[in-house]
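Down below is the structure, laid out as structure tokens.
The values are calculated or read from the model by the stated rules, or taken from the named source; none is laboratory data. Owing to the predicted nature of the structure, the values given are computational and were not obtained by experimental measurement. Every residue, glycine among them, receives a Cβ derived from its backbone with ideal geometry; neighbour counts consider all protein chains shown. Just so you know, the surface numbers come from the protein's heavy atoms only, side chains and all, with ligands and any DNA or RNA stripped out. Shrake-Rupley method; radii C 1.70, N 1.55, O 1.52, S 1.80 Å.
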Amino acid sequence: MALDHALIEELLSASVLRGLDPEDEQALARARTAHGTDCQECQRIQDECAEVAGRLAFALEPAMVPPGFEDRVVERAVGRRATAIGRRGVGARGWARGLVAVAAAAALFAGGWFVRAATFGGSRPAEFLRGARVVSFQGTGGTVAIAYRPGTSGAYVFGAGLRSPQAGKTYELWRFHGDMPIPSGCFRPEPGGTVLQFVDASLAATKQLAITIESSSCPSAPTTTPILTADLTTA
Amino acid sequence: MAQPILLMQRASARGRGDDVSTIDLSEARDRDLVRRVGQGDEEAFRGLFRRYSPSAFALAKRVVRQPFLAEEIVQEAFLALWRNPDGYDQQRGSVKSWLMGMVHHRAVDVVRREESHRRRTEDAAPEAVDPVVDPAQQVVEEIGLPEERRAVRAALRDLPEEQRQVIELMYFGGLSQSKIAQKLELPLGTVKSRTLLGMRRLRAALVGMER
């Protein structure tokens, strides 16, 4: 029994630091299972190791978080909770219809953009929206959503309430493949703050999207913190 | 039998000569904030965010080396807290350690996906225990955290150099034991034993492990 704990202690010591290689992770799982998942001594070792690991973070100097970060996180948190309630209340299909309605309203708000957009994706946004998945961006600076059809290339970004960026600046959309940002187009809103942008790319490998404010040269890598983000994995 | 969290608090206080009640109150306040988050209390959520986001942001930045990714990581960790405050079990450890664990877990996931992983972790060790005066103490709400910082730094400083190096490369650099063995040109078994011995010392210093 003591030998079991020695092995488990050695493996847990590295596991809580995220230092175990895959084969040792498997060895730890096997050892815990073989030893019994309700072993109080194993649990004590794990809790102590995890406590130490978490507290190592405090060896670092604290870093100032970006201005407005707290509000963005709180806004997203409260919004997500409201979303969860909404899902329970109206059901998944009703919620999906609601999202599409929001995007459609944004598209209608964009008005005359329909004509111009029709030359981009080969279909009008209203047609495109039928059967599309719509995901809202979270953050500050405007209301933005993206509509896309899984398995099909191309997407529309709808926006309202966006402020016009300063002279020499533009909004830039990024797709994240893993954690690699891929530039996906620059845009400026109309004077009324609306935007309708066709994204000529597949989102099949995209897990997250972000919008930053960049110089009008549209850099190939982001230079500022995103003001809006969308998580496609939770759609 | 005393609860682990209380053992940790008393041992930490003994080691520094601090007042136990200060640390107990600080942890008790954190637990109360988590409980209130479970009731949907936005102000409690803001309280935890203000208290711990500077340390969380520093940790994420240290591991992933890119501020905008670090921001995402911190955001996701706090959203996880908001969505599932019941994930915290006070019998298992402190709120601050639980929170930083979520941040660290996500940060290492990110760094292991990075193609430039090796380059970013080259200098992972030197900054970890830099005992510079903390300017952020003046602008962030972090009652009790200066003491925490002193205790953790002291515990790391007291480790033999070879043990500290392995632990810092693992924790702040996101390297696995086999990667560390390659990097330091050591047998894997040596890295494993240094990890174990270092963690035992840290547990004795920070959690009051009695052996």
Practice problem: List every residue whose amide H lies under 5 Å from the amide H of A:Met180, counting only residues 5 or more places away in sequence or on a different chain, with H placed 1.01 Å from N in the peptide plane. | Solution: none
Quiz item: Taking θ as phi - 60°, what are the ³J(HN,Hα) couplings along the stretch A:148-157 by the Karplus curve (6.51, -1.76, 1.60), each to the nearest whole Hz, with x for Gly and Pro?
Solution: 8, 10, x, x, 10, 6, x, 7, 10, 9
Quiz prompt | Under Karplus coefficients 6.51, -1.76 and 1.60, residue-wise ³J(HN,Hα) of the stretch B:190-206 in Hz, glycine/proline x | solution = 5, 4, 5, 5, 5, 4, 4, 5, x, 5, 4, 5, 5, 5, 5, 6, 9
Self-check item: Rounded Å value of the spacing that divides the Cα centres of the stretch A:173-235 and the stretch B:53-75
Solution: 21
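Could you compute the FRET efficiency for B:Gln91 and A:Ala34, with r as their C-beta to C-beta distance and R0 at 35 Å, rounded to 0.05? Don't skip to the end; give the middle numbers.
Numbers: r = 24 Å, r/R0 = 0.70.
Calculated transfer efficiency: 0.90.
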Exercise. Could you run the Karplus curve 6.51 cos²θ - 1.76 cosθ + 1.60 with θ = phi - 60° over the stretch A:16-24 and give me ³J(HN,Hα) per residue in whole Hz, x for Gly and Pro?
Key: 5, 8, 6, x, 6, 6, x, 5, 6
Quiz item: What is the distance, in nm, between label points placed 7 Å from the Cα along the Cα-to-Cβ direction at A:Ser220 and at B:Thr190?
Solution: 4.2
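Counting only protein chains, not ligands or nucleic acids, how are A:Val134, A:Val65 ordered by accessible area (probe 1.4 Å), most first?
Details: A:Val134 10, A:Val65 40 Å².
Of A:Val134, A:Val65, the descending order of accessible area is A:Val65, A:Val134.
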Quiz item: Leaving out ligands, DNA and RNA but keeping every protein chain, what accessible area does B:Trp98 have, in Å² rounded to the nearest 10, with a 1.4 Å probe?
Solution: 50
Quiz item: Using a 1.4 angstrom probe and counting only protein chains, how large is the accessible area of B:Lys179 in Å², to 10?
Solution: 90
Quiz item: Considering the Cα trace of the stretch B:17-107, what is its radius of gyration and what is Dmax, both in angstroms?
Solution: 13.3, 39
Practice problem: Quick one: accessible surface of A:Thr152, probe radius 1.4 Å, all protein chains present, in square angstrom to the nearest 10. | Solution: 70
Exercise. Amide H neighbours of A:Phe137 under 5 Å, at least 5 residues apart or on other chains, H built in the peptide plane: list them.
Key: A:Val144, A:Ala145, A:Ile146
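Please list A:His5, B:His104, A:His177 from largest to smallest accessible area, probe radius 1.4 Å, with all protein chains kept in place.
Ranking A:His5, B:His104, A:His177 by accessible area, largest first, yields A:His177, A:His5, B:His104.
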Quiz prompt | Spacing of the two label points (7 Å from each Cα toward its C-beta) at A:Asp200 and B:Arg50, in nm | solution = 5.0
Practice problem: Show the residues, 5+ positions off or on another chain, whose built amide H is closer than 5 Å to the amide H of A:Leu203. | Solution: A:Gly154
Quiz item: Going by accessible area, probe 1.4 Å, with all protein chains left in place, what is the ranking of B:Asp158, A:Asp179, largest first?
Solution: B:Asp158, A:Asp179
